[in-house]
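To start, the structure under review is shown below, and the notes come after it.
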Amino acid sequence: MIPAIFQTYARYNVWMNQNLYTGCAKLSDVQRKNDMGAFFRSIHGTLNHILVGDRMWMARFTSKPLPPLMLDAIIHEDFDQLWADRQALDTEITTFATDLREDWLAQPFTYTSIAYGRTYTYPAWLLVTHMFNHQTHHRGQVTALMKQCGIDPGPTDLPAMSAGL
């Protein structure tokens, strides 16, 4: 895998999070926390879950201790704190992607899944891809919930970011 792909994914992550959080800021706290039947119940719950997942993957990739969190943890009840933490982690992810090397991506990477309680080994490129795919999957859920609240998330396609839309 070419590191430039992951650098593009990291830029997309920052761009989409900026768009989502800007849109979600137009909602009241009650609207963001309303249980809308999503897997992580609400917009707020889903945004927290994305943060939890990214924290876990980045801890693994950078050999730091895993945060003691469940996948449905609410790290921040306060939306502004959640957004500030998201921005800080996005900076870390961007730096990580900038520093990726093809030889590291090709190596086997072993981790223990919090969700399944099992240890797995896959090529590192597959797991980095998974981190970015996981973000995209759950951001898609957030955009659907935003639309239900009357907020247009704007363009979400990767080429739209590159076109500056």
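Since H44 meets every condition but one in (1) in contact with a strand residue (DSSP E or B) (Cβ under 9 Å, 6 or more places away or on another chain); (2) part of a helix (DSSP H, G or I), which condition does it not meet?
It fails just one condition, (1).
When the stretch 156-165 is examined, which residues are found to be surrounded by fewer than 16 Cβ atoms within 10 Å (Cβ to Cβ) and outside any helix (DSSP H, G or I)?
Selection gives D157, A163, G164, L165.
Quick check on this structure: which one of M58, M36 is surrounded by 14 or more Cβ atoms within 10 Å (Cβ to Cβ), touching a Phe, Trp or Tyr at 6+ places or on another chain (Cβ under 8 Å) and not hydroxyl-bearing (S, T, Y)?
Only one candidate qualifies: M58.
Please go through the stretch 61-82 and give me each residue that is at pLDDT 95 or above, closer than 22 Å to V128 by Cβ and within 15 Å of the chain's Cα centre (by Cα), ordered by number.
F61
Scan the stretch 139-155 residue by residue and report those that are under 22 Å from T94 (Cα atoms) and surrounded by fewer than 18 Cβ atoms within 10 Å (Cβ to Cβ).
G140, P155
Search the stretch 1-29 for residues being surrounded by fewer than 17 Cβ atoms within 10 Å (Cβ to Cβ) and touching a Phe, Trp or Tyr at 6+ places or on another chain (Cβ under 8 Å), and hand back the single one that is farthest from Q107 (Cα to Cα).
Once the filter is applied, the top-ranked residue is D29.
Quick check on R41: is it under 16 Å from A115 (Cβ atoms) and at pLDDT 95 or above?
no
Taking the conditions exactly as written (modelled with pLDDT of 95 or more and exposed (fewer than 13 other Cβ atoms within 10 Å of the Cβ)), does D85 satisfy them or not?
The answer is no for D85.
Is it the case that some residue within the stretch 76-94 is touching a Phe, Trp or Tyr at 6+ places or on another chain (Cβ under 8 Å) and charged (D, E, K, R)?
The answer is yes, given that some residue of the stretch 76-94 is touching a Phe, Trp or Tyr at 6+ places or on another chain (Cβ under 8 Å) and charged (D, E, K, R).
Restricting attention to the stretch 113-135, and to residues there that are among the polar types (S, T, N, Q) and in contact (Cβ under 8 Å) with a residue 40 or more places away in the chain, which single residue is surrounded by the most Cβ atoms within 10 Å (Cβ to Cβ)?
Q135
The values are calculated or read from the model by the stated rules, or taken from the named source; none is laboratory data. The structure presented is a predicted model; accordingly, all values stated were derived computationally and were not measured. When we count neighbours, we look across all protein chains shown, and the Cβ atoms used for this are built from the backbone with ideal geometry, even at glycine.
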